[in-house]
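Read through the structure below, which is laid out as C-alpha cells, and then see the notes.
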Amino acid sequence: MLVVKDASKRYGDFTALQQINLEFNTGLYGLLAPNGAGKTTLIKMLATLITPSEGEIQYNGKNILEMDEQYRELLGFLPQQFGYYKNFSPKQYMLYLAALKGIGKKEALHKINELLDKVALSDVVNKKMKKFSGGMIQRVGIAQALLNDPKILILDEPTAGLDPKERARFRHLLTELARDRLVIISTHIVSDIESIANEVIMIKNKQLLYKDSVEEICATLNGNVFETTIDFESLKAFRKKFVLLSEKQEYGKIIVRFIHKGVPEVEWISVPPQLEDVFLYEYRDEIEGEV
Amino acid sequence: MMLIILNECKKALTSPILIGLFIVFSAFNVFVIISSSDHKEELKMLNEIIDQYGRDITDNSLNRFESDIQIDLAKLNRMTASEFTSVYDFLDGLRFEDQEKYSDEQWLFIHRLQLKEMYLNMAKSIDESYEAMDIKKMGEAEIEKYLLSGNAAETLLHEYEKLSERFEEMVNNGEHKEWFFAGKAYFMHSFLFKTVFLHIIIESLLLIVLTTSLITTYEFESKTHLVAYSTKRGRKLMKDKLFASLAIATTIIVFLFAITLGTFFSVFDYSHVWKTSISSAFNWEYNFPYVAWWDLSVGTFLIGVIALVFIVLLLFVGLTFAISIAVKNSYISFFLIAAVFVLLWLLPSFMPTSSTLLFVFAYTLPTLLLAIRYSFMGSSGLILFENFEWMTMSCWTIITIVVGFMSYKRFLKIDIH
Amino acid sequence: MRMLWNEVKKIFMWKMMLLLLFINSILYFLLIEFHIDSFPNGSGLYSYNVGVEMVDKYGATMDEEEFIDFKKMYEAKVEETNRYLQSREDFVAEGIDTYDKFTAYDWWNPSQEARALRDDVFLGNKIDLFWELQERHGLIEFHNRRKRVPDVLSDKERQRFEQLIEEEKFGVYTDLVIQNFKSFIANVGVAILFSVVLVISSTIIKDRSRGLLLLQYTSKKGRNLFKTKLLAGYIATFIIITSLLAVYFSVYSLNRTSMFFKVRVNTFIANESWFDPTFFQFIMICVAAIYLIGFIFATLSMVFSSRVPNMVSLIGIQIPFVVGFLIFGLNPLLPNMILIWTPKWLAPMSYGLMILLSALIVIFLWKREKKMDILQ
C-alpha cells in the first residue's frame, strides 16, 4: 500500500502542491487534472525524482526515500518525455535500462522480446531509434516501464502520440496489468481512464479535490446536467448564463450540454453526468483561462 | 528580421559563462600589460628627444643632440671630478660602494644621460649597419637554413631580390632614419604586436568560436529545432544566425581591442611616434630590423593590423558557422575548429622543401594571425612575400564564402529529425 | 559490473574516438614530433655520442679516476686534431697549426682567411673532430666548475647544493638527454590533458540534457548510477592516458636513450634536484604525475559536466582552468617538479591539495545529486 502523507512541494515562493493525502492499493488509478495543476509534481514525488518539502510518502509503512532501491525495484515509470540514445536500437536501449533495473542479461533478453512484441515493435527490434516516430518511441517507453514486472507502475501521459487503435490496445494492457498491481496513470484525456480506472484522483489549486470511483465522482453532479436545443442567436446569452459543457450543431440548431444547479426549465432534458462533465465543470476557470 | 537577429544575439549574450570568460580575458590582458610596464618611464626619454630634435634623424639634428650630450657630460665630469668621454665609462668604473655617493637627483641625471647616449650611439651607427646588410645573401642564408631547393629556392631568391630593391628605396627615402623606441632595449614592437595582439587574437578566437557555434547549434541543442525551422522564417533562420554571430563577434572584438589597447596606450605613451616609419632603424629587435614593403607609419601600421585581424576573425565566424551547421553539435565544432586551425598552421611543414607549395600552403589564416607582427613586412622569413596579406585575405574570403554557402545550401535541404 | 561496462562504452563512442585520434595526430605534429625527429640535432649529435660513450665506459657515475681517463681521451683527440691541422697547408699558413692555437685565436676579430677556415671545418667539410672536441672541452669545463655554487640562492637551495657536493654527486653527463626528455614529457602532458578533457567533459552532461535521468534515477540502481558514471569516467581516463602514453613512449624509444636510464638525475649537467632518482625512476615519476593531472582534470570536467547548462558553457568554463594550468602549473609540476629551482615541496603539496579538493568536490557533488530534484 502506497500512502502520501501531508505532502507539499514548494520552490521558493511558488507552491506546486499543498498538503496532499492519498492512499493507493492494488488497482488502476487515474490522475486527472489540467496541465499545470501539479500532476507531474505528484508523479515525480511518487517516482522519487523530487523530494516533498513537507510530509512523506510511505510504502507499506516505510518511507520510500529510505527504502531506496527496495522501493525503486518495485517501480515502473514512464515520464512524459524521456531521453534515449539515438544510435541505440530498442533492444540495446532496453538492455541498458534492464541493467539499471538489476535484471540479468539472459532474463532481460527474454523479457525484452516479450514486451516489444506486446507493444507491437517486434519487427524493429534492431533498428536505430533515431528514425522512430513519436508513437513508436512512446511504445518503447511503455515497454521499458514493464521491464522489471513492477508492483507499482506510474505512467505520465502514456497515450501521447498513440493512434486510436494503439490506445485501445493499451487500455486492454492496463486493465490486465492492474489486476495484481498498482497502476497510476496521469492524463488530461478523460476517455483514457473513464472506463478502466478503479478510482480517479483530481487535483485542483494544488490540492486534492476528489479521490473516488468514477460513479461517485459523477454522482456529485447528479441532476445538474442538462441538454437542450437552442438557436445560434441565443448561444451567446446562454453561455453567459450557464456553464456550458459541449455544443453540437444539428439541423441548423445547436444542442448544448450544460450545468445548472437550480430549478430546471421544462424543455431541458436531464442527462446522467459523465466524468468529462465533472472535469469541465470543476476546472471551468482554468480552462477558460487557457483559451 | 532585426528582431530575429536580436533574439539570436541574446542567446550568446545571456550566457553567464561567456560573459565571465570575456571579463577574465580582459582582466588578464590588463594584467599582462601592467606587469610588463617597468620601463614605461624610460620610454618617455624618446618623446623628449623627438620634441627637441624632430622626428627625422638628420646629420644636423644629430650634431645638436651630440653637443647637448657633451654639455651633460661636462656636468657629469664636474659632479664626479673626473674626465669621462661617455657615461658608460663612468658606469663601468663604478664601484658598488660608490653608489651612495650620489643623490637620487644625480642618479636620475645619470640615467637620463645614459639613455640619451644609447639613442645617440644607435643613431650614429645606422648608416654603417645598413650598409653592411646584403639582402640577397640573407635570402641565400634562409635557403640554407630551411634546406630549400628547386622551385622553392628560386621563388624565395626572386622575392629577396624584390625585397633588396625595396630595401634600397627605403634607405634612400630615409624611412629608417626616424626615431622610435630602441627595439633592442625595449622590444616594443614585439610586445605590442606579438604578446598583446596574440592575446587579443587567441581570446577573441575562443570567444567567437564559442558564441558562433552556440548560436548556430542552439535550436538543435535545446531541441527547439523542429519548431524553429518549421516557422515562416524557417531554415533561413540560419542566415539570421550568421548575422547575429557576426554582430556578436564584432562586439567582442571591438570591446576586447578597446579595453586592451586602451590600457596599452594609456600605459605607454606613443603620442610622439605615431608618424614614425614602422621600418625605423630603431625598430630592430633581433638580427634584422623590421622592413615593410611600403612606407608605413606606426599609426598606419597599427590601423592596418587591426583591420587585418578584424577581417580574419570575421572570416573565422564564417568558417565556424559552416562547420557548426554541418556538425550540429557545438562541442565537436569547437574542437574541430581548433584542430583545423592548428592543422592549417602546420600545413607548410608537411610540404617538400623543393616545391613552391611550401609557400602556397603558408597563405592561411592561422599563419597570418600568428605572425601578425610581420604583417606587411619583408623581413619575415618564408612569408615575406609582398602579396602575402592581400592574397591570403582574398583567397580565404572566397573559400569562407564558398564553404559557408555550400554548408548553408545543404542545410536547406537536409532532413531535420 | 555490467552497468559500469555500459557507462564506459557510452564514453568511448566511435565519433569521439575519431575526434580524439584526429586531435592527437595534430597535437603530435604540433608539440611532440620535433623532440623525436630532431633528436639528437646538429651539435647535439656529438653531445649524444660522447654521452653514450661515457656511459658505456664509466657506468652510471664517474669518479675522479675515470675523469682523468676522460681527460686523457681528450688529449688524444687533440693530438689527432693537431695532426689534421698540420696536414692542412692553409691552416699552417694562417699560423694555426695546433688545436690550442685554434682555440686561442681571436675569433672576435678574425682575418678573412681564418674565418673561412673555421667555417670550413665546422660547416663546410664538417670535420667531426672539431665538433667533438668542442663538446668534450665543454664537459671538462663543467667538471672543473663542479664544486662551484651559484651566487644567488635561498638557504635551502644552498644547503642542497652543498649536500650534493659533499656527496660528490656532480653533473658530469650531457644535459641533452634529460632536457630532451623533459620537453618531450611536458608536451605529452599537454596532449594528454587535452585528450582527457575532450573525452570526459561531455559524458555526464549528455544524459542530463537528453532527459535520461528520469528513467535512470527511477530504476533500481537509481541515483547510485551517478557514482557509476564517475567511476566510468575515471576508468575511461585511465584507458586514455595509458594508451596515449603507450603510443607516445613507443615513439620516444626511437630517441634511444635507454643507456642513460640508470644514471641519476643529479649526474646530468645543470640538473640539480631535490631528490636523486635514476633517469628511469624519474620517467616513472613523470608518468605518475601525468596520471594525477589526468585524474584531477577528469574530476574537474565531470564536475562541470554535471552542473553547466550547455556544451558551450562546458567548454567556456574549462578554458581558464586548462590554460591557467598550462601557463603556471605544467612546468613546475611535471618536468621540473624535483628540480632545485622549483621549491622542494611545491609539487607534492600541489598534487596533494588538488587531490584533496577533487575528493571534496566529488563528495559534495554526490551529496547534492542524492537529494536533488530532477525536474527535466
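The values are calculated or read from the model by the stated rules, or taken from the named source; none is laboratory data. Just so we're clear, the structure is a prediction, and the values are computed from it rather than from any experiment. Neighbour counts run over all protein chains shown; Cβ positions are idealised from the backbone, glycine included.
General observations
- Among the numbered conditions (1) modelled with pLDDT under 95; (2) crowded, with 17+ Cβ neighbours inside 10 Å; (3) within 14 Å of chain C (Cβ to nearest Cβ), the only one that B:M377 does not meet is (3).
- Looking across segment A:1-25 at every residue that is surrounded by fewer than 14 Cβ atoms within 10 Å (Cβ to Cβ) and of a type outside the set (D, E, K, R), the one that is nearest to A:D192 (Cα to Cα) is identified as A:N25.
- Within segment C:151-232, helices (runs of 4 or more DSSP H) holding 2 or more residues that are within 13 Å of chain A (Cβ to nearest Cβ) and farther than 29 Å from C:T342 by Cβ: C:176-210, C:213-216
Residue by residue, here is whether (1) in contact (Cβ under 8 Å) with a residue 12 or more places away in the chain; (2) within 14 Å of chain C (Cβ to nearest Cβ); (3) in a loop (DSSP other than H, G, I, E, B) holds:
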| residue | (1), (2), (3) |
| --- | --- |
| B:L198 | yes, yes, no |
| B:S213 | yes, yes, no |
| B:E219 | yes, yes, no |
| B:K223 | no, yes, yes |
| B:T231 | no, no, yes |
| B:M238 | yes, no, no |
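- Single match in B:L369, B:L336, B:L382 (criterion: within 14 Å of chain C (Cβ to nearest Cβ) and surrounded by 16 or more Cβ atoms within 10 Å (Cβ to Cβ)): B:L336
- Restricting segment C:349-376 to residues that are within 14 Å of another protein chain (Cβ to nearest Cβ) and hydrophobic (A, V, I, L, M, F, W, C) leaves a set whose member that is farthest from C:F297 (Cα to Cα) is C:L375.
- For segment A:126-140, the set of residues classified as over 18 Å from A:L78 (Cβ atoms), modelled with pLDDT of 90 or more and basic (K, R) consists of A:K127, A:K128, listed by residue number.
Let's see how each residue does on (1) touching a strand residue (DSSP E or B) at 6+ places or on another chain (Cβ under 8 Å); (2) within 30 Å of A:G83 (Cα to Cα):
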position: C:E141; (1), (2): no, no
position: C:E166; (1), (2): no, no
position: C:F170; (1), (2): no, no
position: C:Y173; (1), (2): yes, no
position: C:F181; (1), (2): no, no
position: C:F194; (1), (2): no, yes
position: C:V197; (1), (2): no, yes
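- Boolean, C:D120 is of a type in the set (D, E), without any contact (Cβ under 8 Å) to a residue 60 or more places away in the chain and within 25 Å of C:D90 (Cβ to Cβ): yes
- Verdict on C:N331 being within 23 Å of the chain's Cα centre (by Cα), assigned by TED's automatic domain parsing to the domain that holds C:I285 and surrounded by fewer than 18 Cβ atoms within 10 Å (Cβ to Cβ): yes
- Among (1) under 14 Å from the mean Cα position of the chain (by Cα); (2) at pLDDT below 95 - the single one B:H272 does not satisfy: (1)
- A:A47 being more than 10 Å from chain C (Cβ to nearest Cβ) and under 24 Å from the mean Cα position of the chain (by Cα): no
- Tally, over segment A:93-112, of residues that are more than 8 Å from every other protein chain (Cβ to nearest Cβ) and surrounded by fewer than 17 Cβ atoms within 10 Å (Cβ to Cβ): 5
- Options A:D192, A:D123, A:D149, A:D117: the member that is acidic (D, E), more than 15 Å from the chain's Cα centre (by Cα) and either outside any helix (DSSP H, G or I) or modelled with pLDDT under 90 (or both): A:D149
- Residue count for segment B:313-333 under the criterion of being crowded, with 21+ Cβ neighbours inside 10 Å and either more than 14 Å from chain C (Cβ to nearest Cβ) or under 26 Å from B:A258 (Cα atoms) (or both): the result is 9.
Table: residues versus (1) loosely packed, with under 14 Cβ neighbours inside 10 Å; (2) within 30 Å of B:I200 (Cα to Cα); (3) without any contact (Cβ under 8 Å) to a residue 60 or more places away in the chain; (4) more than 37 Å from the chain's Cα centre (by Cα).
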| site | (1), (2), (3), (4) |
| --- | --- |
| B:P16 | yes, yes, yes, no |
| B:F28 | no, yes, no, no |
| B:I34 | yes, yes, no, no |
| B:D68 | no, no, yes, no |
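- Residue that is farthest from C:I317 (Cα to Cα) [pool: residues in segment B:1-38 that are more than 10 Å from every other protein chain (Cβ to nearest Cβ) and of a type in the set (G, A, S)]: B:S37
- When segment C:278-302 is filtered for residues that are under 30 Å from B:P16 (Cα atoms) and either acidic (D, E) or more than 14 Å from every other protein chain (Cβ to nearest Cβ) (or both), the ones remaining, listed by number, are C:I293, C:G294, C:F295, C:I296, C:F297, C:A298, C:T299, C:L300, C:M302.
- Any hit, segment A:238-256, residues being at negative phi, charged (D, E, K, R), in contact (Cβ under 8 Å) with a residue 40 or more places away in the chain and not assigned by TED's automatic domain parsing to the domain that holds A:S195: no
- Which numbered condition B:F310 misses (of (1) free of Cβ contacts under 8 Å to residues at least 24 places away in the same chain; (2) surrounded by fewer than 20 Cβ atoms within 10 Å (Cβ to Cβ); (3) among the hydrophobic types (A, V, I, L, M, F, W, C)): (1)
- Among the residues of segment C:350-364, some residue qualifies, meaning at least one is under 23 Å from the mean Cα position of the chain (by Cα), buried (at least 19 other Cβ atoms within 10 Å of the Cβ) and touching a residue at least 40 places away in the same chain (Cβ under 8 Å).
- Which numbered condition A:K130 misses (of (1) in a helix (DSSP H, G or I); (2) more than 9 Å from every other protein chain (Cβ to nearest Cβ)): (2)
- Filtered residue count, segment C:297-325, keeping only those that are surrounded by fewer than 21 Cβ atoms within 10 Å (Cβ to Cβ), assigned to a helix (DSSP H, G or I) and either in contact (Cβ under 8 Å) with a residue 60 or more places away in the chain or of a type in the set (S, T, N, Q) (or both): 4
- Qualifying strands (runs of 3 or more DSSP E) (wholly inside segment A:210-275; at least 1 residues being among the acidic types (D, E)): A:225-230, A:243-250
- Condition met for A:E176 (farther than 30 Å from A:S53 by Cα, assigned by TED's automatic domain parsing to the domain that holds A:L32 and acidic (D, E)): yes
- If you go through segment C:1-26 and keep only what is more than 8 Å from every other protein chain (Cβ to nearest Cβ) and within 22 Å of B:S349 (Cβ to Cβ), you end up with C:L21, C:N24, C:S25.
- The set of residues in segment C:84-101 being loosely packed, with under 14 Cβ neighbours inside 10 Å and either assigned by TED's automatic domain parsing to the domain that holds C:V263 or part of a helix (DSSP H, G or I) (or both) consists of C:Q86, C:S87, C:E89, C:D90, C:V92, C:A93, C:D100.
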